[in-house]
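Colleague: Quick one: the structure is below, questions incoming.
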Amino acid sequence: MFKNKYKGKFIAVEGLSGSGASDQAMEIASYLKKDKKSIWFTSEPTNNLVGAMIKSCLLGDWKMDSPAGLQLLFAADRAHHLEKEIIPRLKEGINVITDRYLLSSIAYGSIEIGDTDWLSRINDQFLLPDLTILIKTSAKNCIKRMKENQKAFSLFSSEEKLQKVWQAYEMIQKKYPNIKIFDGDKEEFQFFDEIKREIDKLLK
């Protein structure tokens, strides 16, 4: 993977389904807008053709028998995302916040594939975030929140699977730089001040 050499900063927010990562990503975007920073908010899988196929598969609308095939779709979606959306804005000096990126692909993909080295290799030509915010929320709380918010359950929405995914996150995050872990079991937005400090440090 290559480091960001562009004017804008690239921030990824990662975590289990129901962890609060999406809420925190949007909160970061709102915070930077209030601070009059130029920002672009995005997410993965994208809403482009390949991203829509992935979302449909995760919701069980169709099935891909090959787990490796699904991961290659994630990589294709990311390549398009970077080329058409993320990098052009970074070049313009716009700060990009993405809800999910590399770590989620590898952590979730490892449950079906197990070979995290292969998952890393198919992503090794992509851009590294300047900061990855990883939200650590217990699998039990993730399931509870998804039920309370009536969010659609994906293929991985069981406590046992989410526990395995988090174990993968913990292992993978040691391999990549600029990752900060925050306690998502605190009350909603209670830990946002900690996140803001990291954001401020990055953008100063």
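What follows draws every value from the coordinates through simple rules; no lab data is involved. Everything numeric in this text was worked out from a predicted model, so none of it was measured. Because the Cβ atoms are built from the backbone with ideal geometry, glycine has one as well, and the counts that use them run over all protein chains shown.
Colleague: With N residues in the range 14-118, what two-decimal value do you get for its Cα radius of gyration over 2.2 N^0.38 Å?
Modeller: Details: Rg = 14.9 Å, N = 105, 2.2 N^0.38 = 12.9 Å.
For the range 14-118, the normalised Cα radius of gyration comes out at 1.15.
Colleague: Given the options 165, 90, 137, identify the residue whose Cα lies farthest towards the positive end of the charge dipole of the chain (+1 on Cβ of Lys, Arg; -1 on Cβ of Asp, Glu).
Modeller: 90
Colleague: May I pose another question? Given the -39500 (n - 2.57) contribution per DSSP H run of 4+ residues, what per-residue ellipticity at 222 nm results for the chain, rounded to the nearest 500 deg cm²/dmol? Show your work: numbers first, answer last.
Modeller: Values: 9 runs with 97 residues, N = 204.
Here the helix-only value at 222 nm equals -14500 deg cm²/dmol.
Colleague: Roughly how many debye, to the nearest 20, is the charge dipole of the chain about its Cα centre, given +1 on each Lys and Arg Cβ, -1 on each Asp and Glu Cβ, and no other charges?
Modeller: Values: 32 positive and 29 negative charges, 135 e Å.
Computed charge dipole of the chain: roughly 640 debye.
Colleague: Which log10 I(q)/I(0) values does the range 84-204 give at q = 0.16 Å⁻¹ under the Debye formula, counting every alpha carbon as one identical point scatterer?
Modeller: -0.94
Colleague: Tell me, in nm to one decimal, what length is gained between residue 112 and residue 140 on full extension, where the rule is 0.36 nm per residue of separation less the Cα-Cα distance?
Modeller: On the way: separation 28, 0.36 × 28 = 10.08 nm, distance 2.11 nm.
This chain segment gains 8.0 nm when fully extended.
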